[in-house]
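The values are calculated or read from the model by the stated rules, or taken from the named source; none is laboratory data. Bear in mind the structure is a predicted one, so any value in this text is a computation, not a measurement. Positions of Cβ are backbone-derived with ideal geometry, glycine not excepted, and every protein chain shown enters the neighbour counts.
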Amino acid sequence: MRILLTNDDGVYAQGIRTLASVLEKEHKVIIVAPEDQRSAQSHSITLFKPIYIKKVKLEGIKSDAYSISGTPADCVRVGLEELAKGEIDIVFSGINMGLNSGMDVLYSGTVSAAIEGNLYKLPSVAVSAEWTKEGLNYEIAAKYALQVLSKIKKEKLLTPMVLNLNTPFNLHDESKPLKVCKIGGPIYDYYLSENNGNGDRSLKVTGRVEVEYEKDTDRYFLSKGYATLTPLRYDFTNFELMDKLRKCIEDNIECE
């Protein structure tokens, strides 16, 4: 298969090299990633300045690799339209340094890059590994990414879709199946860090919100030692409300 591989941690990040090393054993891979760290860029793209493309060499990787002076979404656009010329079967984004679970998907450059691939009518998979005080386990994430790719290929599921794969640092029991589930709740919290004396204040993201995880969500299963897989979609249309509004506004029927 022909794979476009990107991320939001930068082209030299360990996660993308780990995933590239396992994918390129059996597939043709082209790597197009930001030149530096672009986490939490969401789905932003570069509009008012040029995007610079540079061919780079990644240690231990034989696949062609390019750094882009843009966002993760830019990388997919440039990769598909300029470098791979559209000859791609599937897009992989990651392995991200840290989970992209719960509402993190709204802010994640990793997930947004996968969604950008889906806008080009390609199947896309975002891959993220839990970041702990003990470090990260990219090998587990790469193992599950290969498992998902093998299943997609075997079942002929090469249709436009976005899959969000997250893996915990420690799989408490490797015999546990990959859990297909919905996303969980909010992620980040803020606190007032300082007041400079002239009325200005600064706020800083402090980390994860400590809440009880809703059952059957990605955050819940990850806390239990499962890897999780969530199908996503970018159509934000509220179809139920749209039907109600159409009756109220277009048909001038009193809303209940």
Qualifying position, being closer than 30 Å to Thr132 by Cα, touching a residue at least 60 places away in the same chain (Cβ under 8 Å) and assigned to a helix (DSSP H, G or I), among Val76, Val91: Val76
Please count how many residues of segment 115-174 are more than 29 Å from Glu87 (Cα to Cα), assigned to a loop (DSSP other than H, G, I, E, B) and hydroxyl-bearing (Ser, Thr, Tyr). 0
Looking at segment 157-187, which of its residues are modelled with pLDDT under 70 and in contact with a Gly (Cβ under 7 Å, 6 or more places away or on another chain)? His172, Asp173, Pro186, Ile187
Count of residues meeting criterion [out of contact with any helix residue (DSSP H, G or I) (no Cβ under 7 Å at 6 or more places or on another chain) and either surrounded by fewer than 20 Cβ atoms within 10 Å (Cβ to Cβ) or closer than 19 Å to Met161 by Cα (or both)] in segment 111-138: 11
Restricted to segment 65-87 and to residues being of a type outside the set (D, E, K, R) and surrounded by fewer than 22 Cβ atoms within 10 Å (Cβ to Cβ), the residue modelled with the lowest pLDDT is Gly86
Is it the case that some residue within segment 88-100 is in contact with a Lys or Arg (Cβ under 6 Å, 6 or more places away or on another chain), at negative phi, surrounded by fewer than 19 Cβ atoms within 10 Å (Cβ to Cβ) and not small (Gly, Ala, Ser)? yes
Any residue in segment 1-29 that's more than 21 Å from Ser69 (Cα to Cα): show its pairings with residues that are of a type in the set (Asp, Glu) and part of a loop (DSSP other than H, G, I, E, B) at Cβ separation under 6 Å, as long as the two are six or more apart or on different chains. Met1/Asp89; Arg2/Glu87; Arg2/Asp89
For the subset of segment 38-64 comprising residues that are among the charged types (D, E, K, R) and in a strand (DSSP E or B), which member is surrounded by the most Cβ atoms within 10 Å (Cβ to Cβ)? Asp64
